[in-house]
Amino acid sequence: MELLWDGFVAAVGLILRADPELRDIAALSLGVSGAATALAALSGIPLGVALHLKRFRGRRMLGLLLNVGMGLPPVVVGLVVTLLLWRTGPFGALRLLYTPSAMVLAQFLVALPLVAGFARAALDLLDPDLVLALKADGAGDGRTGYELARAAGPPLLVAVAAGFGRAISEVGASLMVGGNIVGQTRILTTAIALETGRGEFALAIALGIILLLLALVVNAALGLASAGGTRP
């Protein structure tokens, strides 16, 4: 208990002093996860709309892949991305491995199924007559999808929040494709794992507090936006 308390007190001190290492790790983590979540939202929401609206060959298989992806172990994603970006791999010439870009890609792949799956579920809860009404007014697929996304706005924000939570809490894939390099690819989750293993509990606790605060602030902001969208 004394170890926990001493570590917590030291961690609060690091946060209040705005420790440079702590600040840099938090900024990179927020940047990587924020970019991954934005990409997941920009592609996952349209994918969810397409799965809700369209009937096409392979739709059932795509839906199954999304369901599998929602529970896919991140280390598997990390392995796939590493093999693709390895110097002798298909995209090795891009030299993206062990860079923040590779981490964005890995977190994007981890968050995408969650955003798309939740978006599709949100759209499935809408009144089916809404699609018929839009079609009767002459709306095309693009316009129909846009109006459905507007109607399901608050639940879609929940989908984005879930994607962000999955991205910023991910450690396995980020560690594999980023390498946890000081000052370059060290983010909150990988730093927590490293510092805990080294016995640097004060820094690990400080990083954990910041991780929780970031997740809380972003989810609270999306929650407020979602609540605002439900008001008449």
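The values are calculated or read from the model by the stated rules, or taken from the named source; none is laboratory data. The shown structure was predicted, so the numbers you read here are calculated from the model rather than taken from an experiment. Reconstructed Cβ throughout: ideal geometry from the backbone, glycine too, with neighbour counts over all protein chains shown. Note: areas computed on protein heavy atoms with side chains; ligands, DNA, RNA excluded. Shrake-Rupley method; radii C 1.70, N 1.55, O 1.52, S 1.80 Å.
Quick notes on this one:
- The residue pairs whose first member lies in the stretch 82-94 and is free of Cβ contacts under 8 Å to residues at least 60 places away in the same chain, whose second member is assigned to a loop (DSSP other than H, G, I, E, B) and among the hydrophobic types (A, V, I, L, M, F, W, C), and whose beta carbons are closer than 6 Å, counting only pairs six or more residues apart or on different chains, are LEU84/PHE91; GLY92/TRP86.
- For the stretch 104-125, the count of residues that are over 22 Å from ALA38 (Cβ atoms) and among the aliphatic types (A, V, I, L, M) is nonzero.
- Any chance ALA36 is among the aliphatic types (A, V, I, L, M) and more than 20 Å from LEU194 (Cα to Cα): yes
- Check on ALA173, within 30 Å of LEU16 (Cα to Cα), in a helix (DSSP H, G or I), at pLDDT 80 or above and touching a Gly at 6+ places or on another chain (Cβ under 7 Å): no
- Selection within the stretch 73-112 - hydroxyl-bearing (Ser, Thr, Tyr) and either more than 23 Å from ALA26 (Cβ to Cβ) or part of a loop (DSSP other than H, G, I, E, B) (or both): THR82, THR88, TYR98, THR99
- Test: ARG59 is exposed (fewer than 12 other Cβ atoms within 10 Å of the Cβ) and either touching a residue at least 60 places away in the same chain (Cβ under 8 Å) or among the charged types (D, E, K, R) (or both): no
- Filter result for VAL68 (of a type outside the set (Phe, Trp, Tyr), in a helix (DSSP H, G or I) and surrounded by fewer than 11 Cβ atoms within 10 Å (Cβ to Cβ)): yes
- Taking every residue in the stretch 156-177 that is under 21 Å from TYR98 (Cβ atoms) and open to solvent by 10 Å² or more (accessible area, probe 1.4 Å) and pairing it with any residue that is aliphatic (A, V, I, L, M) and outside any loop (DSSP other than H, G, I, E, B), at least 6 positions away or on another chain, the pairs with Cβ-Cβ distances below 7 Å are VAL171/ALA193; GLY172/VAL75; MET176/VAL75; MET176/LEU79.
- Scope the stretch 184-198; condition in a loop (DSSP other than H, G, I, E, B) and either in contact with a helix residue (DSSP H, G or I) (Cβ under 7 Å, 6 or more places away or on another chain) or without any contact (Cβ under 8 Å) to a residue 40 or more places away in the chain (or both); matching residues: THR185, ARG186, ILE187, ARG198
- The residues of the stretch 113-144 that are open to solvent by 10 Å² or more (accessible area, probe 1.4 Å), part of a helix (DSSP H, G or I) and not aliphatic (A, V, I, L, M), listed by number, are PRO113, GLY117, PHE118, ARG120, ASP124, PRO128, ASP129, LYS135, ASP141, GLY142, ARG143.
- Of the criteria (1) modelled with pLDDT under 80; (2) within 19 Å of the chain's Cα centre (by Cα), which one THR190 fails: (1)
- PRO46 surrounded by fewer than 18 Cβ atoms within 10 Å (Cβ to Cβ), part of a helix (DSSP H, G or I) and at pLDDT 90 or above: yes
- Residue match in the stretch 199-214 (condition: surrounded by fewer than 16 Cβ atoms within 10 Å (Cβ to Cβ) and either hydroxyl-bearing (Ser, Thr, Tyr) or in a loop (DSSP other than H, G, I, E, B) (or both)): yes
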